[in-house]
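Enquirer: Can you keep this structure in mind? I'll have questions shortly.
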């Protein structure tokens with residue numbers, strides 16, 4: 001098959017010289033081959049079909065359906081083989097279509113094997129890179145293959161796109177009328193009636209340093225510092241970090257638990273001498289398993305997220321609110337913010353599997369993670385890929401968005417081995 005690279009790059013050079021230079025000099029391009037294992041030809045890149053090989057037009061129309069018909073401007077994430085921009089160009093009301101390159105190496109292969117001149121020359125098209133447009137814009141459509149093949153510098157944008165696409169499905173799994181959660185609220189109402197309010201902690205550490213301990217593998221790297229500096233900070237532990245900290249002889253000032261699943265929560269409190277926590281507040285959402293509340297010896301403080309599940313319940317039993325978007329680290333960090341912290345130090349907030357393990361040692365759910373595959377990855381503080389899960393990619397980006405809303409707080413990440421957290425400095429904890 002003839003190469004179209006020169007012709008395509010010539011158009012790009014005329015319109016976007018910076019992008020042409022990036023395409024001409026891109027290094028470490030992914031492996032690609034032209035295949036026709038269906039009625040139509042496509043590219044197979046690192047084992048991923050760049051487009052359908054059966055009906056590229058139908059696929060593009062489905063992707064384009066995410067853009068409202070009346071939109072005047074749209075963003076397309078992924079260059080693909082040009083099918084999606086072509087479909088959108090058929091809409092006369094669309095005055096501007098921004099096509100965002102997620103991996104220049106992929107685009108170079110696409111430009112070599114297919115003619116893109118028709119749509120690249122259209123004045124309504126604007127070509128950009130993920131570095132040019134690092135924030136997610138709406139309305140948008142995205143090519144799943146381009147997200148999977150995103151280069152390192154586009155990984156954060158990739159995660160924001162996936163999170164936005166997943167949000168409707170996630171919401172359907174956390175319905176306001178979920179009968180099990182409603183039943184749990186009823187079961188725990190007696191606890192809520194006699195327990196305290198998380199708001200009683202708000203402002204308690206104004207201007208001070210607060211450490212939030214997650215249960216990521218790197219938490220154990222900080223035990224010595226946590227012991228040596230114990231009088232210099234307030235320590236908030238998430239539920240999964242309680243046992244590891246206890247085994248290391250470190251006493252948290254508060255513990256946060258929010259998960260409603262019995263099998264996920266109860267193991268965190270096993271093999272722990274709970275009597276040692278008679279003075280430690282347990283901050284909880286009222287959907288947690290009642291056995292956790294029954295056995296906690298210290299004060300219990302109730303909080304709610306902004307989820308609609310709590311709307312009626314909160315009217316009957318007003319309590320403080322904490323940010324939550326799927327991970328217990330979210331309300332733990334928000335608690336630190338509302339306590340008035342000037343500096344929040346994140347330890348074990350890895351959002352990944354450094355060392356190919358899921359959790360810190362002594363966490364009962366710790367397990368070895370596969371090392372041969374990196375289907376999901378984020379960049380760590382060294383700029384290298386580290387494996388993670390799809391859910392943790394979303395948790396990380398939601399935390400970053402939360403941090404961005406609180407410029408008054410200095411956020412610090414204790415380890416470079418876990419995920420890079422945008423907006424957090426590094427320190428030598």
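Enquirer: For the structure I just gave you, tell me whether residue 205 is buried (at least 16 other Cβ atoms within 10 Å of the Cβ) and part of a loop (DSSP other than H, G, I, E, B). Working first, answer last.
Expert: On the way: buried (at least 16 other Cβ atoms within 10 Å of the Cβ): yes; part of a loop (DSSP other than H, G, I, E, B): yes.
Yes, satisfied.
Enquirer: If you don't mind, another one. Can you list the helices (runs of 4 or more DSSP H) lying wholly within the stretch 32-148 that have 1 or more residues being free of Cβ contacts under 8 Å to residues at least 60 places away in the same chain and under 26 Å from residue 7 (Cβ atoms)?
Expert: Details: elements: 56-64, 83-89, 104-113, 117-120, 144-148.
The helices (runs of 4 or more DSSP H) meeting that bar are 56-64, 83-89, 117-120.
Enquirer: Turning to a different aspect of this structure: Since residue 306 meets every condition but one in (1) surrounded by fewer than 23 Cβ atoms within 10 Å (Cβ to Cβ); (2) within 28 Å of residue 186 (Cα to Cα); (3) out of contact with any strand residue (DSSP E or B) (no Cβ under 7 Å at 6 or more places or on another chain), which condition does it not meet?
Expert: (3)
Enquirer: Could you list, in sequence order, the residues of the stretch 280-291 that are more than 28 Å from the chain's Cα centre (by Cα) and either at pLDDT 95 or above or within 21 Å of residue 312 (Cα to Cα) (or both)?
Expert: Restricting attention to the stretch 280-291, the residues satisfying the condition of being more than 28 Å from the chain's Cα centre (by Cα) are 280-281, 290-291.
Within the stretch 280-291, 280, 281, 290 qualify.
For (1) surrounded by 12 or more Cβ atoms within 10 Å (Cβ to Cβ); (2) within 21 Å of residue 328 (Cα to Cα); (3) in contact with a helix residue (DSSP H, G or I) (Cβ under 7 Å, 6 or more places away or on another chain), each residue gets a yes or a no:
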position	(1), (2), (3)
355	yes, no, yes
378	yes, yes, yes
388	yes, yes, no
404	no, yes, no
409	yes, yes, yes
412	yes, yes, no
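Enquirer: Is it true that some residue in the stretch 311-319 is surrounded by fewer than 23 Cβ atoms within 10 Å (Cβ to Cβ), under 13 Å from residue 255 (Cβ atoms) and in contact (Cβ under 8 Å) with a residue 12 or more places away in the chain? Break it down into steps so the answer makes sense when it comes.
Expert: The initial filter retains those residues of the stretch 311-319 that are surrounded by fewer than 23 Cβ atoms within 10 Å (Cβ to Cβ), namely 311-319.
The next check asks that each one be under 13 Å from residue 255 (Cβ atoms); those that pass are none.
No, every residue in the stretch 311-319 fails to be surrounded by fewer than 23 Cβ atoms within 10 Å (Cβ to Cβ), under 13 Å from residue 255 (Cβ atoms) and in contact (Cβ under 8 Å) with a residue 12 or more places away in the chain.
Enquirer: What number of residues within the stretch 68-80 satisfy the criterion of being surrounded by fewer than 23 Cβ atoms within 10 Å (Cβ to Cβ) and closer than 16 Å to residue 144 by Cβ?
Expert: Step one: filter the stretch 68-80 for residues surrounded by fewer than 23 Cβ atoms within 10 Å (Cβ to Cβ), giving 68-73, 75.
Retained after the next criterion (residues that are closer than 16 Å to residue 144 by Cβ): 75.
Selection size over the stretch 68-80: 1.
Enquirer: Just to be sure, is residue 334 closer than 16 Å to residue 216 by Cβ and in the same structural domain as residue 223 (by TED's automatic domain parsing)? Please lay out each step first, then the result.
Expert: Details: closer than 16 Å to residue 216 by Cβ: no; in the same structural domain as residue 223 (by TED's automatic domain parsing): yes.
Taking the combined requirement at face value, the residue does not satisfy it.
Enquirer: In the stretch 321-353, what count of residues is obtained for those that are surrounded by fewer than 20 Cβ atoms within 10 Å (Cβ to Cβ) and touching a strand residue (DSSP E or B) at 6+ places or on another chain (Cβ under 6 Å)?
Expert: Summing the residues that are surrounded by fewer than 20 Cβ atoms within 10 Å (Cβ to Cβ) and touching a strand residue (DSSP E or B) at 6+ places or on another chain (Cβ under 6 Å) in the stretch 321-353 gives 2.
The values are calculated or read from the model by the stated rules, or taken from the named source; none is laboratory data. What you see is a predicted model; the values in this text were computed from it and never measured. Note that each Cβ is placed from the backbone with ideal geometry, even for glycine, and that neighbours are counted across all protein chains shown.
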